[in-house]
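Chemist: Structure in structure tokens, see below.
The values are calculated or read from the model by the stated rules, or taken from the named source; none is laboratory data. On a predicted model such as this, the values are computed, not experimentally measured, just so you know. Cβ placement follows ideal geometry from the backbone for every residue including glycine, while neighbour counts extend to all protein chains displayed. Ligands, DNA and RNA are excluded from the accessible area calculation, which covers all protein heavy atoms including side chains. Shrake-Rupley method; radii C 1.70, N 1.55, O 1.52, S 1.80 Å.
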Amino acid sequence: MSAFGFDHGPELPAEAAWRPLDRALWRWTRAHGGSPLLARLAAWAAFADGEGDAALPLAGEEALRYGLAPLDDARLDTLRGEPLLGDGRVPTPFVLDAAGRFYLWRNHADECALAALLGERLAASAAVAVDEADLDALFPGGDPAAVASQREAVRRVGASRLFVLTGGPGTGKTTTVLRMLLMHLKAMPDARIAVAAPTGKAAQRLVQSLRAGRQALLESTNASLPETWRALLDRLPDGEALTLHRLLGYDPHRNRYTRDRAHPLAADLVVVDEASMVDLPTLRALLEALRPEATLILVGDADQLAPVGIGSVLLDLVVALEARTSPVLVRLTHSFRAERPLAAINDAVRKGEAAALRAAFAAAGDQAQWRDVTAGAAYRQALQGWAEVLAATLPRPRLPAADDTAAAAQALAALRALSRRQLLCALREGPHGAPAVDAWLGRRLKEAWGVPEDREWYPGRAVLVVRNDYAARLFNGDVGLCLADADGRLRVWFESSDADGRPTARAFAPAALPAHEGAFALTVHKAQGSEYAHVAVLLPPDPAQRILSRQLLYTGLSRAKAQVELWAGEAVVAAALARPLYRIGGLRERLA
Ligand SMILES: Nc1ncnc2c1ncn2[C@@H]1O[C@H](COP(=O)(O)OP(=O)(O)OP(=O)(O)O)[C@@H](O)[C@H]1O
């Protein structure tokens, strides 16, 4: 045990793990009269913040997460005497709560404010009357057991100013949200609706799914939709997809949102899809920007990876609401996709069941393949096969130079074809990391397509934008495809919507793109919010690799809509299944 009462476990991060920011906070704390113990805790709290935890646990088992020996009550009481530390009632740089969680002030403030805002919404009713005839019209025919939870969600749409709809891929979340919106519109025909998602890609997918759902409702062969509902369908949002940042009017120059309590959103109903990717401060900002009488519907898969930023708000909300069997939460479990075998695979991963996962792969036939690529030769063979299929199937049409509309239509078709197949890597660094794999695939494709090796841009190159460019309306996560026109000019095309909300493609000169990287292989993290027909998920060969987790594997595999490949050894998969991730924070307790 060290002088400050801490042990470093053998595989847990020692102080060497501290980043410059963490060390700076240590120095700041010492310089402002904090004890050596407080300075260490401050640095570890900053480190934990970088890992996505809202707080540093000091008591109980959780303290071991960062290699800290738990502090007993006497030590916690001594700590509470330090002037830089408070209990959250008045501003202090650090906060220690009653459960022994040590916070940086900002995270504590965000967590408490969010819990209060959510609590207010949960208590308020939206007063939307729903009768069974409405539900029958919106859910004509079908298997009653399969649609029971969807009907329940629509029935409860008026239960509060906050509603949470969670479920795995293909369980009909968007289908259900569309009907919830219609039900709202029936009660309040002038309701202004806003839909958004954390990333541009996810926002685009949401608008497209809503459009497809509307069409399906109009064309339903089971029963024709009564006229009242048809008229309401026209009022559904169909415009450009909004990221949450854009919805909230993010001002990059001032690093703040223009929508807030004083300037709330002009919306009566806000739907946020892919809510598992929304972090604590962003959800707080959204709730503050909502008018009190507006309703928020959060939609997402709570079993996916936690957001890149702080907290795991969707999961915390789902756990807290499930614990009190709250009517404002509905979990959808029935998969409506034809690809049922994939649902069994995702379910086994979600539950961390290795035997069930093996059985699900065995039962899936052609739709799923588990390849042990632990040996280098097997790995190279898998990659080589992937490259050959890409080389043969990726469309690289030469676009008409003089007709931009025709060029955009062809580029859109090529972009759609690109997103049919995607290789996803667990890692970013090293030979199994997405950039290295992308570079390898790029070289093979250049060979296959006869492109000189030193050429950076060539028709067929896929890139991923990694920084928001508000002026160009290109956002982190957008995928573009480089194509040549008849004059030989290379441009990079991105999916977009025209003024009427119809899908189209926009082109940029390669030099005009914001920061980007190759997209033939993406990390699982970057693929959140996207779906592809055929996915291969590559795990690293070392089972001790810290990145491996149940959520990572689930998020990767559940990106596949029709076919999935898992490239990993048995021991590595077992290690991932055995590690469910959780984030430290007090939101669940505050919501209880
Ligand atoms: N009640 C239903 N009856 C028949 N088909 C349905 C029903 N609900 C959903 N589906 C179909 O299941 C598929 C997936 O639905 P939807 O896109 O709403 O699910 P999701 O949970 O939003 O999926 P994603 O994983 O894409 O986010 C769609 O083809 C949809 O038409």
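Chemist: Mind listing P(r) for the stretch 65-116? All alpha-carbon pairs, 5 Å bins, whole percents.
Modeler: Values per bin, smallest distances first: 4, 19, 29, 23, 16, 8, 1.
Chemist: Do any trypsin sites (Lys or Arg not before Pro) in the stretch 278-342 lie in a DSSP loop with no more than 12 other beta carbon atoms within 10 Å, and if so, which?
Modeler: Arg324
Chemist: Residue by residue through the stretch 101-116, which ³J(HN,Hα) values in whole Hz follow from phi under the Karplus form 6.51 cos²θ - 1.76 cosθ + 1.60 (θ = phi - 60°), with glycine and proline marked x?
Modeler: Couplings: 9, 9, 10, 6, 3, 4, 5, 5, 4, 4, 5, 5, 5, 5, 4, 5 Hz.
Chemist: Report relative contact order for the chain in percent, whole number only (criteria: Cα-Cα under 8 Å, sequence separation at least 6). Present the calculation step by step, with values, prior to reporting the outcome.
Modeler: Values: 1108 pairs, mean separation 83.1, N = 592.
Averaging sequence separation for qualifying contacts and normalising by length gives 14 percent for the chain.
Chemist: Which loop trypsin sites (Lys or Arg not before Pro) in the stretch 174-266, with loop taken from DSSP, have no more than 11 other Cβ atoms within 10 angstrom of their Cβ? All intermediate terms of the calculation are to be shown ahead of the outcome.
Modeler: Details: sites: Arg179, Lys186, Arg192, Lys201, Arg205, Arg211, Arg214, Arg230, Arg235, Arg246, Arg254, Arg256, Arg259, Arg261; in loops: Arg192, Arg235, Arg254, Arg259, Arg261.
Passing both the DSSP loop test and the Cβ count: Arg254, Arg261.
Chemist: A follow-up question, please. I'd like to check one number: the per residue accessible area of the stretch 127-336, probe 1.4 Å, reported in Å² as a whole number. Walk me through the numbers before you get to the answer.
Modeler: Working: 7990 Å² over 210 residues.
For the stretch 127-336, the solvent-accessible area averages 38 Å² per residue.
Chemist: Can you pull a Stokes-Einstein diffusion coefficient for the stretch 127-336 at 25 °C (0.890 mPa s), Rh from Kirkwood over Cα pairs, as a whole number of µm²/s? List each step's numbers first, then the result.
Modeler: Numbers: Rh = 17.4 Å.
Value of D from the Cα-based Kirkwood radius: 141 µm²/s.
Chemist: Please compute the volume of the convex hull spanned by the alpha-carbon atoms of the stretch 386-473 and report it per residue in Å³.
Modeler: Working: hull volume 12.2 nm³, N = 88.
Expressed per residue, the convex hull around the Cα atoms of the stretch 386-473 is 138 Å³.
Chemist: 7 Å from Cα along Cα→Cβ at both Ala129 and Gln381: what's the point-to-point distance in nm?
Modeler: 6.8 nm
Chemist: Follow-up question, since we're still on this one. Once a ≥ b ≥ c are taken as the square roots of the eigenvalues of the Cα gyration tensor of the stretch 292-442, is the result rounded (a/c under 1.5), prolate (a/b larger than b/c) or oblate (a/b not larger than b/c)?
Modeler: Because a/c hits 1.5 or more and a/b fails to exceed b/c, the stretch 292-442 counts as oblate.
Chemist: Nearest-5 percent of antiparallel DSSP beta bridges in the stretch 340-578?
Modeler: 45 percent
Chemist: Run the accessible area of the chain with a 1.4 Å probe and give the carbon-and-sulfur part as a rounded percent.
Modeler: Values: 12950 of 24550 Å².
After summing per-atom areas, the C and S share lands at 53 percent.
Chemist: Using the 2.2 N^0.38 Å rule of thumb for compact globular proteins, work out how the chain stacks up: its C-alpha Rg over that value, please. Don't skip to the end; give the middle numbers.
Modeler: Details: Rg = 25.1 Å, N = 592, 2.2 N^0.38 = 24.9 Å.
The reported ratio for this selection is 1.01.
Chemist: Taking just the alpha carbons, could you work out the radius of gyration and Dmax for the stretch 141-235, both in angstroms?
Modeler: Computed over the Cα atoms of the stretch 141-235, radius of gyration and Dmax are 13.5, 36 Å.
Chemist: Quick one: which residues, 5 or more positions from Thr504 or on another chain, have an amide H under 5 Å from its amide H? H modelled 1.01 Å from N in the peptide plane, none for Pro or chain starts.
Modeler: Ser496, Ser497, Asp498
Chemist: Let me ask something else. Name the residues whose placed amide hydrogens come within less than 5 Å of the amide hydrogen of His516, ignoring near sequence neighbours (fewer than 5 apart) on the same chain.
Modeler: Those lying under 5 Å, H to H, from His516 are Val466.
Chemist: A further question follows. What accessible area per residue, rounded to a whole number of Å², is obtained for the stretch 340-578 using a probe radius of 1.4 Å?
Modeler: Per-residue value: 41 Å².
Chemist: Shifting gears a bit: Full-extension gain between Arg256 and Arg428, please, as 0.36 nm times their residue separation minus the C-alpha to C-alpha distance.
Modeler: Additional length available on full extension: 59.0 nm.
Chemist: Near Lys351, which lysines are there with a Cα under 29 Å away, not counting those fewer than 8 places off in the same chain?
Modeler: Lys351 reaches Lys173, Lys201, Lys526, Lys561.
Chemist: With Kirkwood's inverse mean 1/r over C-alpha pairs for Rh, give me the Rg to Rh ratio of the stretch 498-591, two decimals please. Display every interim value, and only then the final one.
Modeler: On the way: Rg = 17.9 Å, Rh = 16.3 Å.
Expressed as Rg/Rh, it is 1.10.
Chemist: Compute the accessible area per residue over the stretch 20-103, keeping the other protein chains in place, probe 1.4 Å, unit Å².
Modeler: Working: 3630 Å² over 84 residues.
Spelled out: the 1.4 Å probe surface of the stretch 20-103, per residue, equals 43 Å².
Chemist: Can you run phi through the Karplus equation (6.51, -1.76, 1.60; θ = phi - 60°) for the stretch 281-288 and list ³J(HN,Hα) in whole Hz, with x for Gly and Pro?
Modeler: x, 5, 5, 4, 4, 5, 5, 5
Chemist: Any idea what the relative contact order of the stretch 415-570 is, in percent, if you count C-alpha pairs under 8 Å spaced at least 6 apart? Show your work: numbers first, answer last.
Modeler: Numbers: 284 pairs, mean separation 45.8, N = 156.
Relative contact order here is 29 percent.
Chemist: Using helices alone, what [θ] at 222 nm do you get for the chain, with -39,500 (n - 2.57) per DSSP H run of 4 or more residues, divided over all residues and rounded to the nearest 500? Before the final figure, lay out each step's value.
Modeler: Details: 21 runs with 236 residues, N = 592.
Dividing the helical sum by the residues of the chain leaves -12000 deg cm²/dmol.
Chemist: Would you mind checking the radius of gyration and Dmax of the stretch 340-578 based on alpha-carbon positions, in Å?
Modeler: Looking at the stretch 340-578, its Cα Rg and Dmax stand at 18.4, 58 Å.
Chemist: Provide the percentage of antiparallel DSSP beta bridges, counting only those with both residues in the chain; round to the nearest 5.
Modeler: Details: 25 of 66 bridges.
DSSP beta bridges in the chain are roughly 40 percent antiparallel.
Chemist: Could you give the spread of the C-alpha atoms of the stretch 112-192 along their three principal axes, from largest to smallest, in whole angstroms?
Modeler: Each principal axis gives a Cα extent; for the stretch 112-192 these are 44, 31, 19 Å.
Chemist: Another question, then. Show the residues, 5+ positions off or on another chain, whose built amide H is closer than 5 Å to the amide H of Ala368.
Modeler: Val564
Chemist: Kindly identify the stretch 20-103 as rounded, prolate or oblate by the Cα gyration tensor criterion: order the square roots of the eigenvalues as a ≥ b ≥ c, call it rounded if a/c is under 1.5, otherwise compare a/b with b/c, prolate if a/b is larger, else oblate.
Modeler: rounded
Chemist: Give the whole-number value, in cubic angstrom per residue, of the convex hull volume spanned by the C-alpha atoms of the stretch 494-535.
Modeler: Working: hull volume 5.1 nm³, N = 42.
With only Cα atoms used, the stretch 494-535 gives 121 Å³ per residue.
Chemist: Give the residue from His32, Ala69, Leu84 lying farthest towards the positive end of the charge dipole for the stretch 20-103; charges sit on Cβ (+1 for Lys and Arg, -1 for Asp and Glu) and the dipole is referred to the Cα centre.
Modeler: Value: His32.
Chemist: Taking only the Cα atoms of the stretch 421-552, how large is their convex hull per residue, in Å³?
Modeler: Each residue corresponds to 144 Å³ of Cα convex hull volume.
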